[in-house]
Amino acid sequence: MSRSAWRRPVRISEALSAAFRRLGLEERIRQHEIWRVWPAVVGPQIAQHAQPHAIWQGRLIVHVTDPVWLHHLSMMRHRLIPALNEKLQVSVVREMILRVGEMPAPPPAASSASPRTEHVPPPDPAEVARVEALLAPLGDAPFCEALRSLLLRASRRSS
């Protein structure tokens, strides 16, 4: 290869930026910055109970741990959307959709620093039987599993 065919050296950041632009990925990368800035925007307590799940056409889908947090965030949505866009320095989020869903496990470093890392003992078998008896009349209602979990968690805290 002759020296005239060589290109001038460029920084890797410039090469990556040009490649992302050429492939049309710049917008998607900007959107995925939400995962990085989410804890700073919402704070550590909310970040423990609500995490971005996906973003699609300006709609940010956020999974929350339970209906209480869903309600709480729905009341804060009008403040969170502008705060996220401000932190991202570009308008990425138009709408926030909240769903009760599975949360990813926190990274090991974050979980060891958390004050709520105490070992939770398994529920008492008698308590499980009592909760099952309470839920039996409901049959296979879609909310039974959430209610079971809530009742068992409440019984552990009260004992």
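The table below lists the values:
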{"read-out": "Label zone at V90, where the point sits 7 Å out along the Cα-to-Cβ direction: the range 24-64 residues whose backbone N lies under 12 Å", "value": "24-34"}
{"read-out": "Cut-off 11 Å between beta-carbons: net charge of the residues surrounding A146, Lys and Arg +1, Asp and Glu -1", "value": "0"}
{"read-out": "Two-site FRET efficiency, V10 against R36, from Cβ-Cβ distance with R₀ of 35 Å, rounded to 0.05", "value": "0.85"}
{"read-out": "Kirkwood hydrodynamic radius of the range 21-106, Cα pairs, Å", "value": "13.1 Å"}
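Where a number appears in this text, it was derived from the coordinates with a stated rule and is not lab data. In this text the structure is predicted, and so the values were computed from the model without any measurement. We place every Cβ from the backbone using ideal geometry, glycine too, and count neighbours over all the protein chains shown.
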